[in-house]
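Colleague: Below is a structure I'd like to ask you about.
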Amino acid sequence: MAILKLLLSYLSIHPSPLRNPSTSLHLSQQAPAFLSSSESTKDTQETWLIYEQLLLSCLRTGDDNSARLCLQRLSDRFGVDSARVKALTGLYDEATSNSPGELESVLQRYQDILKEDPTNMPIEKRRISLLLSLGRTEDAIKALTSLLSHSPNDPESWAHLSSLYFTQGLYQQSVFCLEEVLLILPNAYNIFARIGEVTYISASAGVGSANQTEAFEEAIKYFARSVELSEWYLRGWYGLKLVTGKLIQAKPSDGKLGKTESLNQMATEKLLQIVNKFRRNEKGWTGFDEAEVLAAKDLIDRDEQKFSR
Amino acid sequence: MATVQAQTILRDPQLFYWILFPITAVMILTGVLRHYVTVLMQSDPKKQELNAISEQRNLLRGVNLRTNHNQIPLSSFIARKNYLVAAYNRGDFLKDPESKGKPPANPMTDPAGMDQMMNMLKGNMAMMVPQTLIMGWINAFFSGFVIMKLPFPLTLRFKSMLQSGVATRDLDVRWVSSLSWYFLNLFGLRSIFTFILGNDNSADQMAQQMQQMNPAGGNAMFAPGQDPNKMFLAEAENLEVVGGQHEWVLDGVVDRLLKSRV
């Protein structure tokens with residue numbers, strides 16, 4: 001019982017363990033112990049979810065043997081023809097392939113599966129990721145658009161498309177996709193912050209100072225909404241501080257600046273609080289991502305230097 | 001009057017052991033059995049074709065736009081609304097464009113509808129058969145006497161139902177036979193089933209009855225008795241109506257944020 005509970009509690013603290021190298025490593029190190037224990041044969045939903053997570057983290061850290069075993073047990077339980085199992089098998093083959101030829105054969109296999117069964121969404125998504133890793137971004141975008149034409153309610157795909165457009169520099173389309181995500185998940189504060197970021201970046205990359213100020217103000221509104229929804233959202237406060245700082249610098253003598261200044265101060269206070277409490281490892285404040293906290297501290301110091309001159 | 005004076009009947013304490021507990025135990029066990037039988041008898045969800053899925057999901061997209069239109073700026077909303085309304089009116093997403101004007105498929109003849117009806121029928125059977133059996137068993141073995149006194153008074157009309165085996169005129173309606181204990185259990189064991197079997201258990205007949213009575217259930221859109229084209233047109237109208245009031249959630253967000261500053 002022990003190791004199953006341990007893994008479940010670990011996953012509840014870190015719901016997306018694959019984001020972070022340290023959490024992925026920790027998870028994959030637990031894998032051999034879990035696989036050889038007796039609880040790995042329990043047939044509950046949680047067990048199989050853990051198997052999936054272990055499979056992904058083992059592939060991340062290079063533990064192919066444990067990954068193979070996980071995959072085997074999943075296909076024994078759910079059959080090789082299950083859509084999800086097929087997608088995970090494809091993922092495993094992609095991760096352990098040694099040459100571009102093997103990747104191409106995996107791609108061909110995906111196309112065959114999709115020809116037989118066009119409703120297999122996990123395989124469609126795998127195909128898109130494979131196209132991306134092969135560097136065929138345009139094909140990936142096309143495939144993603146066709147997926148979205150028959151399933152426009154999938155926020156994950158919209159977010160993926162948005163990031164693809166962003167890499168291509170098509171900022172307006174990127175924001176369009178993020179708005180679609182908002183229509184499905186209206187309280188997604190991270191998406192509001194992301195739109196703020198994209199707006200800010202596209203304004204900084206573009207030309208014309210008049211538009212820039214407007215765009216900055218719009219970005220500020222998006223960040224403000226994200227922290228309105230989630231009071232301690234570090235990325236939201238960081239964006240707010242950064243963009244308000246830029247605005248204050250650009251126009252030091254503007255009547256409306258009262259609000260921008262107060263926003264800047266508010267953001268600085270919140271960031272300081274987060275940084276200090278995280279540093280002191282206070283209870284309830286350790287859940288932040290360390291890299292993000294460091295970036296926040298850096299921003300605070302930079303701005304202090306600027307204003308103290 | 002006989003009813004003013006409290007009627008007391010001396011009861012054998014062994015009544016508890018021989019009647020109340022067995023009936024309750026049997027009902028709990030049949031409830032659990034019924035739950036597992038229903039779970040096993042349920043057929044797998046039928047796989048749908050791509051254009052059927054596309055039809056349902058694109059309709060949902062319109063609903064999402066209508067519900068959450070305040071999250072995006074007015075210009076974005078109008079662009080999407082125009083696109084969707086035009087597409088719905090043209091019937092772009094229909095899985096079967098030829099059957100636009102035809103009446104909706106009859107559940108009897110349409111195979112998809114048959115499956116749904118069969119599932120409902122199986123569920124009802126699983127509910128009714130044990131109930132009838134237990135009632136028959138109780139009537140056979142436990143009739144002819146009263147076993148308990150209800151703590152609340154009732155009118156005379158209930159006498160025939162609750163004192164089924166005992167044909168007396170003067171006996172207070174509060175004295176009931178074992179069949180009424182069965183009815184009490186029927187409604188009262190719901191919480192015990194939730195405790196044993198978790199939520200969503202099939203032994204819960206109340207939930208089933210509520211589902212049957214609720215006409216706007218989640219499956220209403222996808223039941224074969226609906227005409228998808230009409231639904232698209234209705235959604236297009238809804239979108240036009242909602243376009244009148246748009247309050248972007250980002251208007252005034254800065255003021256709200258500053259006001260919340262402590």
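Colleague: What is the residue count in the stretch A:200-243 for residues that are within 10 Å of another protein chain (Cβ to nearest Cβ), in a helix (DSSP H, G or I) and either more than 23 Å from the chain's Cα centre (by Cα) or among the charged types (D, E, K, R) (or both)?
Modeller: 5
Colleague: Being surrounded by fewer than 17 Cβ atoms within 10 Å (Cβ to Cβ), modelled with pLDDT under 90 and over 25 Å from A:Pro21 (Cβ atoms) is true for just one of A:Lys259, A:Lys246. Which residue is that?
Modeller: A:Lys259
Colleague: Since B:Leu20 meets every condition but one in (1) under 27 Å from the mean Cα position of the chain (by Cα); (2) surrounded by 14 or more Cβ atoms within 10 Å (Cβ to Cβ); (3) more than 8 Å from chain A (Cβ to nearest Cβ), which condition does it not meet?
Modeller: (1)
Colleague: Within the stretch B:64-93, work out how many residues are touching an Asp or Glu at 6+ places or on another chain (Cβ under 7 Å) and either more than 10 Å from chain A (Cβ to nearest Cβ) or part of a helix (DSSP H, G or I) (or both).
Modeller: From the stretch B:64-93, those touching an Asp or Glu at 6+ places or on another chain (Cβ under 7 Å) are B:70, B:72, B:76, B:85, B:88, B:93; that's our starting set.
Checking which are either more than 10 Å from chain A (Cβ to nearest Cβ) or part of a helix (DSSP H, G or I) (or both) leaves us with B:70, B:76, B:85, B:88.
So the count comes out to 4.
Colleague: Further question on the same structure: Restricting to the stretch A:177-199, name every residue that is facing chain B (nearest Cβ under 9 Å), open to solvent by less than 20 Å² (accessible area, probe 1.4 Å) and closer than 17 Å to B:Val63 by Cα.
Modeller: Hits for the stretch A:177-199 are A:Glu179, A:Glu180, A:Leu182, A:Leu183.
Colleague: Let me ask another. Among the residues of the stretch A:142-162, what is the count of those that are more than 16 Å from A:Ala188 (Cα to Cα), more than 14 Å from chain B (Cβ to nearest Cβ) and open to solvent by less than 50 Å² (accessible area, probe 1.4 Å)? Walk me through it before giving the result.
Modeller: Applying the first criterion (more than 16 Å from A:Ala188 (Cα to Cα)) to the stretch A:142-162 yields A:142-152, A:161.
Checking the rest, the ones that are also more than 14 Å from chain B (Cβ to nearest Cβ) come to A:142-144, A:161.
Filter once more, keeping what is open to solvent by less than 50 Å² (accessible area, probe 1.4 Å): A:143-144, A:161.
Qualifying residue count, the stretch A:142-162: 3.
Colleague: Give me the residue from the stretch B:249-262 that is open to solvent by 40 Å² or more (accessible area, probe 1.4 Å) and more than 7 Å from chain A (Cβ to nearest Cβ) and, out of that set, modelled with the lowest pLDDT.
Modeller: The selected residue is B:Val262.
Colleague: Can I ask one more? Among the helices (runs of 4 or more DSSP H) lying completely within the stretch A:1-105, list those that include at least 2 residues that are over 29 Å from A:Ile128 (Cβ atoms).
Modeller: On the way: elements: A:2-13, A:21-36, A:45-61, A:64-78, A:83-95.
By residue number, A:2-13, A:21-36.
Colleague: Separate question: Report, by residue number, each residue of the stretch A:110-127 that is acidic (Asp, Glu) and under 23 Å from the mean Cα position of the chain (by Cα).
Modeller: Within the stretch A:110-127, just A:Glu124 meets the criteria.
The values are calculated or read from the model by the stated rules, or taken from the named source; none is laboratory data. Computed from a prediction, not measured in an experiment: that's the story for all the values here. A quick note on method: Cβ atoms are made from the backbone with ideal geometry, for glycine too, and the neighbour counts reach across all protein chains shown. SASA here: full protein model, heavy atoms, side chains in, ligands and nucleic acids out. Shrake-Rupley method; radii C 1.70, N 1.55, O 1.52, S 1.80 Å.
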